[in-house]
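Quick notes on the structure that follows.
The values are calculated or read from the model by the stated rules, or taken from the named source; none is laboratory data. Just so it is clear, the structure is predicted and the values come from calculations on it, not from any experiment. We place every Cβ from the backbone using ideal geometry, glycine too, and count neighbours over all the protein chains shown.
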Amino acid sequence: MTQFVQRKPAYPFVIFLSRRWGWCVWLVCLLCSLNVFAGEFASQKTAATQSTVETQSTVEQTGDVELGDLEPGDVEQRDAIRRGWEVLTELPLLPGDFSQEVIDDIWRSWPPEARAKAAQASLEERQRLIYQRYGLSPRPTLRVESSETGDLVARFDLDDSVLRKGNQPNYPGPPMQYVVDEDGQWTMNCLSCHGGSVYGVPTPGAPNNRYALQTLTEEVRSTKFRLGKPLGRMELGSMVIPLGTTNGTTNAVVFGMGLMHYRDANLNVVQRTPVSFTHHDMDAPPWWHFHKRPYLYIDGFAQKGHRGLMQFTLVPENGPEFYRDNEDHFRDVFAFLSALRPPKYDGPIDGELAETGRHLFNDNCSRCHGTYGPGGDYPNQMVPIEEIGTDPVRFEALTVAGRQTYADSWFARDAKGKRQETLVDPEGYVAPPLDGVWASPPYFHNGSVPTLWHVLHPEDRPQLWRRVDESMDEERVGFKIELAEKVPLTQPDVQIRRSYFDTSRFGKSAKGHDYPNELTEPEKQAVLEYLKTL
Ligand code: HEC
Ligand code: HEC
């Protein structure tokens, strides 16, 4: 396998590993999900086509830009979007999670069947198997474009040779989900959860519904043992705290709560008695809603701001000055997130049926989910937890005290010191925008419902299901699944066991959101057709 060589960032931040167990392990673990860089550096990736525009870029060209005459404000905005992408993909904040040697050798830690397959594979094919097993994908090239409405938006190009070779996806180069530095150290980034594949097409901002964080961490651990290498924070932390029980979902919210627990309002590190948290898995929301949402998270408690994006960097060693020093990088991440838009459905759509669906949607759904197309609006509608009836564990797990800590902190103040709005005691869950909803299965905040058809048919939602391949169920719009009676506990491959989604487990209920029951069957079909157009 090739060693990925990347340039060292100009001023890497060195953050020391936490020696504390429990939450502090997580503090560190979450820090590693974030990558900050300082200064300018060149991307080694070549653009799919060369820029024809002379710009005042502060970074070297990383993508294809066809913007015509830009206003100075737009030039700044475009550069910020690019820098945000580079913050996410290029700069490791920490010593890496594991080395190239470990990831190249990891297949020897696989269960017999998978290992035998890898042993016989070519190096390239083996790399593809490794990427596939853990939900990793190649990294596309950013292109900043002007949209029809005049906004600068982020688009991505995948070199054909990267995506397909013959009929096989081909995965050379560093993955989108990890920063790989010039020494071959791999460090998890935000895209590990927020950069997935839309039915096989790597798409930054799409939830990574294949990410197998728990399995990867366990197998890195056994590989490090085998190679006689010291264990890192992830391998140690995961022995104390579950990372995620199902492929594609993670215990991410609990990580954030743990991080905040050891800080005062000015982000000074304080000693506190460890508290216990309710572990539960969530499906990451798509980032292409970011530009629409005034408040973030499923309970909409936090007003959107660049500082809030930094909470994942809370390790005890990062003092308050770290946050002030790095604020600009997160302004850039904010600009990047704001520039994302959903991919367009490219299959056939029955226009007449979709138009009927639009009317039905506007009558039955838009009071919560908003309207789409020109003049569309997003109401940011909160629905009381008893009324929505979807799984309440996430709602209960984040406490009023936890939200208050956030509300009082530096994260919830703007750069002028003005306090942002934080809903410390929200009533329930906020209806998300449905833009690009066809592209972000599974559905609901816990990822319990595999297709849009199942969202529309509450009584027919499967109890126990498993995704069978990466392609789309075009009829039901979502994952292609098979049903099961029970999780096969004798299955020797844990990765396969974790591909089963058992809705009877804690925090994994697929109940609630019965609004579609107002519709007749033909009406549901029409609404389903309309949802493809969003
Ligand atoms: C381990 C997986 C994971 C990692 C890593 C991660 N996130 Fe998230 N993120 C989530 C989950 C899950 C949610 C949903 C939380 C909720 O709604 O309560 C979320 C929510 C968000 C949201 C709110 C989106 C919305 O529409 O409400 C933003 C913005 C966000 N993350 C940004 C980031 C950034 C920036 C990073 C890196 C610094 C990051 N995330 C790293 C899992 C992750
Ligand atoms: C009273 C407000 C309300 C109404 C009416 C409503 N929804 Fe929702 N919807 C929500 C909330 C809140 C969620 C988030 C639930 C969760 O994740 O637990 C949601 C989630 C969804 C999702 C899953 C989104 C995702 O990305 O996971 C879809 C799809 C959806 N609704 C479609 C519809 C359709 C179609 C209708 C009309 C038939 C409708 N909704 C009516 C409030 C509403």
Residue match in the stretch 343-360 (condition: in contact with a strand residue (DSSP E or B) (Cβ under 9 Å, 6 or more places away or on another chain) and either within 16 Å of ligand 2 (Cβ to nearest atom) or aliphatic (A, V, I, L, M) (or both)): yes
Evaluation of Arg505 against (1) under 30 Å from Arg108 (Cβ atoms); (2) of a type in the set (Lys, Arg); (3) more than 16 Å from ligand 1 (Cβ to nearest atom) (one fails), failing number: (1)
Filter pass, Phe277 being within 20 Å of the chain's Cα centre (by Cα), among the aromatic types (Phe, Trp, Tyr) and surrounded by 17 or more Cβ atoms within 10 Å (Cβ to Cβ): no
Complete set of residues in the stretch 367-422 that are acidic (Asp, Glu), within 28 Å of Thr533 (Cα to Cα) and within 14 Å of ligand 1 (Cβ to nearest atom): Asp391
Test: residue in the stretch 252-271 that is within 16 Å of ligand 2 (Cβ to nearest atom), in contact with a strand residue (DSSP E or B) (Cβ under 9 Å, 6 or more places away or on another chain) and farther than 21 Å from Val494 by Cβ: yes
Residue identified as within 16 Å of ligand 2 (Cβ to nearest atom) and without any contact (Cβ under 8 Å) to a residue 60 or more places away in the chain among Leu309, Leu296: Leu296
Close pairs (6 angstrom Cβ cut-off, 6 or more residues apart or separate chains): aromatic (Phe, Trp, Tyr) in the stretch 444-463, part of a loop (DSSP other than H, G, I, E, B) and within 10 Å of ligand 2 (Cβ to nearest atom) anywhere: Phe444/Thr390
Residue check for Val437: within 15 Å of ligand 1 (Cβ to nearest atom), more than 21 Å from the chain's Cα centre (by Cα) and hydrophobic (A, V, I, L, M, F, W, C): no
Flag if Ser197 is free of Cβ contacts under 8 Å to residues at least 40 places away in the same chain, more than 16 Å from ligand 2 (Cβ to nearest atom) and either in a loop (DSSP other than H, G, I, E, B) or out of contact with any helix residue (DSSP H, G or I) (no Cβ under 7 Å at 6 or more places or on another chain) (or both): no
Condition check for Met282: among the aliphatic types (A, V, I, L, M), away from ligand 2 (no atom under 16 Å from the Cβ) and buried (at least 18 other Cβ atoms within 10 Å of the Cβ): no
Answer residue from the stretch 409-424, given it is over 24 Å from the mean Cα position of the chain (by Cα) and of a type in the set (Gly, Ala, Ser) and is surrounded by the most Cβ atoms within 10 Å (Cβ to Cβ) among those: Ser409
Condition check for Thr203: within 16 Å of ligand 2 (Cβ to nearest atom), farther than 18 Å from Pro95 by Cβ and crowded, with 19+ Cβ neighbours inside 10 Å: yes
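Criterion first (touching a Lys or Arg at 6+ places or on another chain (Cβ under 6 Å), of a type in the set (Phe, Trp, Tyr), in contact (Cβ under 8 Å) with a residue 40 or more places away in the chain and not assigned by TED's automatic domain parsing to the domain that holds Asn208) does Trp410 satisfy it?
Judged against the criteria, Trp410 is not a match.
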Odd one out for Thr217, checked against (1) closer than 26 Å to Thr399 by Cα; (2) at pLDDT 90 or above; (3) of a type in the set (Val, Ile, Thr); (4) within 12 Å of ligand 1 (Cβ to nearest atom): (1)
Residues that are within 16 Å of the chain's Cα centre (by Cα) and of a type in the set (A, V, I, L, M), drawn from the stretch 297-311: Ile298, Leu309, Met310
In the stretch 440-453, residue nearest to ligand 1 (Cβ to nearest atom) [restricted to those that are within 18 Å of Tyr211 (Cβ to Cβ) and aromatic (Phe, Trp, Tyr)]: Phe444
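Conditions tested, residue by residue: (1) buried (at least 21 other Cβ atoms within 10 Å of the Cβ); (2) assigned to a loop (DSSP other than H, G, I, E, B).
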| site | (1), (2) |
| --- | --- |
| Ser222 | no, no |
| Phe225 | no, no |
| Leu243 | yes, yes |
| Phe255 | yes, no |
| Gly258 | yes, no |
| Ala265 | no, yes |
Selection status of Phe334, touching a Gly at 6+ places or on another chain (Cβ under 8 Å), in contact (Cβ under 8 Å) with a residue 12 or more places away in the chain, in the same structural domain as Pro286 (by TED's automatic domain parsing) and aromatic (Phe, Trp, Tyr): yes
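Do any helices (runs of 4 or more DSSP H) entirely within the stretch 427-534 hold 2 or more residues that are touching a Phe, Trp or Tyr at 6+ places or on another chain (Cβ under 6 Å), and if so, which?
Because the criterion is at least 2 residues that are touching a Phe, Trp or Tyr at 6+ places or on another chain (Cβ under 6 Å), the helices (runs of 4 or more DSSP H) in the stretch 427-534 that meet it are 521-532.
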Subset of the stretch 272-311 [under 19 Å from Ala206 (Cα atoms), assigned to a helix (DSSP H, G or I) and out of contact with any strand residue (DSSP E or B) (no Cβ under 8 Å at 6 or more places or on another chain)]: His289, Leu309
